[in-house]
Structures are given as structure tokens and as C-alpha cells.
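The values are calculated or read from the model by the stated rules, or taken from the named source; none is laboratory data. Note that the coordinates shown come from a computational prediction; the quantities given were computed from them, not determined experimentally. No Cβ is skipped: glycine too gets one built from the backbone with ideal geometry, and neighbour counts run over all protein chains shown. Surface areas here come from the heavy atoms of the whole protein model, side chains and all, with no ligands, DNA or RNA. Shrake-Rupley method; radii C 1.70, N 1.55, O 1.52, S 1.80 Å.
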Amino acid sequence: MRDIGMIGAGYVGLVTGTCFAEMGHRVFVMDNNEEKIRVLKSGGVPIYEPGLEGMIKRNVEAGRLFFTSSLQEVVDNCEVIFIAVGTPPRDNGEADLSAVERVSAGIAKMMKGYKLIVEKSTVPVQTGKWIKRTVSMFNRNNVPFDVASNPEFLREGSAISDFLKPDRVVIGVETERASKILREIYEPLGAPIVETDIESAEIIKHASNSFLAMKISFVNALSVICERAGADIKKVTEGMGYDPRIGKLFLEAGVGFGGFCFPKDLRAFIRIAEKLGYDFGLLREVERINEEQKMRFVAKVREALWNVGGKKIAVWGLSFKPNTDDMRFAPSIDIINALLKEGAEIHAYDPIAMDNARRVFGDTIVYGEDKYSVLEGAYALCLITEWDEFKDVDLDRVMELMETPIVIDGRNVFDPAVMKDKGFYYVGVGRR
Ligand code: UDX
């Protein structure tokens, strides 16, 4: 078992660090945000992720998981240090890597014995090279070190099982020593380990996320064709998905992808390609289709209501997907803002993301107590996030509460035939 340092107690750092502790390692999670560390030390968890709170508690009690705001403490205690600090997008879509540089320089100045520095944050290809250069510059005593890339593929809402049961683990290394350490850490998970050079590991992350985003935009574009041709996207994707070369997963048409990964990573990859002298037009189109998909939803509301201004509209679901409270780049933001601009009165409900939503919308919308209360007197119901509790509803009650029974379903949660039977004006995505 090893002493592992995790720099950055954000989503990736916290989940990954806690899971390493769960595997039996002694883990030091460091963040320079002292308030965050104070919360973690007092048993609080700054993000919502199913299972995480209990796992943190268990490992803290077992003496395997520590929180600190001191980089020195991590460097003194750990031979392997993962960098999982934020790499927020700049205005032009490029990732801001100043935190990665700061941490790399800090480690270099403090290290006394061999260190394996592993980049875990989502970073542009060639960041590994920059980390190596930075560490070398500040490494005045010529302490031996290695740099490695170990991209994460965690999905919010299922991050713990994604970590403990990964499809694959990617390690980009330059030396036998680094390879041995990372293999020893990951082999107990029993997943295939793909060992590459650092640049290839970095590109695997860009390529995977962009490909998945492309799959979603493809299906969303297809949904438009289905609507116009009188076909059903659910049936079309079912028919496609049996082909193992296509696969059944990630073929759900909807209101477009959101979250902190896909939109940001896609932009960043387009920028990286540009810098490398290649216009990745395919990915620019993936982005465009995604933006259009949100506005297409707004157009459906407009078409159903005739005049949007002054009408009460109920919204179910605000987070960018179910089982998370994350509102970052959530499609609900653009959709609600567009409806507000047309003068609609929005009454929204989300099972978990209400607090974060308040930070986004302030008092421009009304926050409901539960899924039924927002429906009272509403001219339309817009379903934006497919939480389980929206799948199991009393449709008669919905009908009774609403002023006009209009349902615009952005996630194809309801069966169009059932809805029409009940007397709803129902519009899904790409459905007959
Ligand atoms: C994603 C990647 O899946 C993960 O591997 C990477 O590490 C981080 O980015 P995440 O953003 O947590 O994870 O969510 P994910 O479940 O992939 O969904 C992303 C977005 O795509 C959501 O807005 C979701 O609603 C949308 N989506 C997903 C669809 O619209 N249709 C689908 O079929 C699948």
C-alpha cells in the first residue's frame, strides 16, 4: 500500500482520492481553498455524489484519508502525487493551466526524494511535457522524478463505480519505474491497463469525450429528420444499437449535452487542433448541433403555446443530467433564459439541484416545493432532466393541475401514445 497525494479537492480529486483510500492506500487530499478543507475535515462534503459521503467518513475513521491545505505535507509524505486541480476554460475555449504550473513548481521546490507526478486533470495534449519542463526548472537539487498521464473517465452520479469498475485504465508513462508504480496501484481493479506514451494518453481523453459528444449530436440531428419524416428516434436507435460497431449506449436524443466536461472539453479540443494546424470542422459541427438542439426545444414550447409571454410554465429538472446537483453548462440554463426573455413565468423543480439553480437564476424564476406544486395553473410542462421521480407520475393529477395540458418532453420520458390517449398535447424529441 502506498502514500498517495491528491492535489485538488474538486470533483475528480475528491472522488479519486477517496477511492484510492478505499483500496487501502493512505491518501492526502490537498486543496489551497482552506474553507473547503475545513468543511471536509469537519465531515462535510462540498459536492453531491451518491455514496461519496459515507466512503469519505469510513476512510477518515480508518486513518487512511487526510485533508490538508499544505502542499509541503503532501510532498513530505507521498512518493506518488496526482495533480487534479481545476483547468477552467478561458474565453477562447483554451484550458487555463496556471494552477497546474503552480503546483508542479511547488512540488519541484519541496521534493527531497523521488516523486512520480501524475496529471489527472483534463489537460490539453503536451501538458505532460510542460509539467516536466517546469519541474526540471525548479528542481535545483536534481532530485529524480517522473511525470505520467492518467486521464479519468468518471461520470458524475456514478463516479465511484466508474472508478472501482473501470472499462479501462490509461497510463501514459516514460519510464519503467513510473509504469511499475501505476500498474501496482491500478492492477487490483482488474481492468485492462492501456500503457502508452504521455501524449497518446492525453489524446485518448480528448478523443473519448469528443467521440461521445459526437454520438449525442448525431442522434440529436437524426431526431430532427425523424420528426420531419414521421419516424420514431427510439426505434431508429434501437435498430442501430444492435450493431456492435455502433453500440446501444449514448444514443438518447434529448435537449443536448451539458455538464462541466463535454462542452468544455470539446471546445478545448477544437482549439488544440487549431493550434496544431488542423481545422476539426467535424467537432465544430457537433458543438453547433448541440446549441441548436436547446433552441429547438424552446421553439417547440413556442409552437405549442402560440404566445409565451405572461404564461406560467412549469419546468421539471434543472441539473445537466439526473443524480447530480451540477448546474454547470446545464441545457436548462439556456432554455429557461430564452423562455424568460419571451416573458414566460417559470416555476421550476429539481430534486437535488435547487440550491445551485438559485445561484444561476436568482429570483428570476420561482422554485417549487415538489413536482406537482409547480404545475398548478401552468400552461405547459417542460421536462428537461430525466430524474426517476418524473418517470413515475400520476398523469391524471398532472392533467387536473394544469391550465392547459401541454407537455414538452425534452428527454422522451413519456410514451407519446399514452400521453395522447390521456388527452395531452405532447411533444417529445424525434418521436411520432
Ligand atoms: C462525461 C463522460 O461520460 C465521462 O467519461 C468524462 O470523464 C466526463 O464527462 P458526465 O459529464 O458526468 O461524464 O456525464 P454523462 O453521463 O456522460 O452525460 C453528459 C451529457 O450528455 C449529459 O448532459 C447527458 O444528458 C447527455 N447525454 C448523454 C445525452 O443527451 N444522451 C445520451 O445518450 C447520453
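Quick notes
- Take the Cα of residue 180, step 7 Å toward its Cβ, do the same at residue 141, and the gap between the two points is 2.3 nm.
- Result for the chain in a Gaussian network model with C-alpha springs under 10 Å: among 393, 170, 224, the largest mean-square fluctuation is at 393.
- Each Lys and Arg adds +1 at its Cβ and each Asp and Glu adds -1 at its Cβ; summed about the Cα centre, the chain shows a dipole of about 860 debye.
- Highest-first arrangement of 270-283, 408-421, where packing means the average Cβ count within 10 Å: 408-421, 270-283
- Computed magnitude of the charge dipole of the stretch 211-427 (debye, nearest 20; Cβ of K, R +1, Cβ of D, E -1): 840
- Only one residue of 173, 213, 117 has its Cα farthest out toward the positive end of the dipole of the stretch 94-250, where Lys and Arg carry +1 and Asp and Glu -1 on Cβ, and that residue is 117.
- For the stretch 3-196: rounded, prolate or oblate by the Cα gyration tensor [a/c cutoff 1.5]: rounded
- Rounded to the nearest 500, the helix-only mean residue ellipticity at 222 nm of the chain stands at -14000 deg cm²/dmol, with each DSSP H run of n ≥ 4 adding -39,500 (n - 2.57).
- One Cα centroid belongs to the stretch 274-299, the other to the stretch 301-347; the line between them spans 22 Å.
- Surface share of carbon and sulfur [accessible, 1.4 angstrom probe, percent] for the stretch 3-196: 49
- Anisotropy class of the stretch 39-92 from Cα gyration tensor, a/c 1.5 cut: oblate
- Cross-link partners of residue 112 among lysines, defined as those whose alpha carbon lies under 19 angstrom from its own and excluding same-chain residues fewer than eight positions apart: 132.
- Spin-label model, residue 306/residue 276: points 7 Å from Cα along the beta carbon direction are separated by 5.5 nm.
- Most mobile of 391, 264, 132 in a GNM of the chain (Cα contacts under 10 Å): 391
- With a simple spin-label model that places each label point 7 Å from the Cα along the Cα-to-Cβ direction, the separation between residue 39 and residue 397 comes to 3.3 nm.
- Since only 269, 423, 354 are under comparison, the one whose Cα sits farthest along the positive direction of the charge dipole of the stretch 211-427, derived from C-beta charges on Lys, Arg, Asp and Glu, is 269.
- For residue 201, the shell of other residues with beta-carbons less than 10 Å away shows a net charge of -4, using +1 for Lys and Arg and -1 for Asp and Glu.
- Solvent-accessible surface of the chain, taken per residue with a 1.4 Å probe and all protein chains present: 45 Å².
- Available extension along the chain between residue 359 and residue 126 is 80.3 nm, counting 0.36 nm per residue and deducting the alpha carbon span.
- One chain, two ends: residue 240 and residue 432. Fully extended at 0.36 nm per residue, the span grows by 67.3 nm beyond their Cα-Cα distance.
- Volume of the Cα convex hull of the chain, divided per residue and given in Å³: 150
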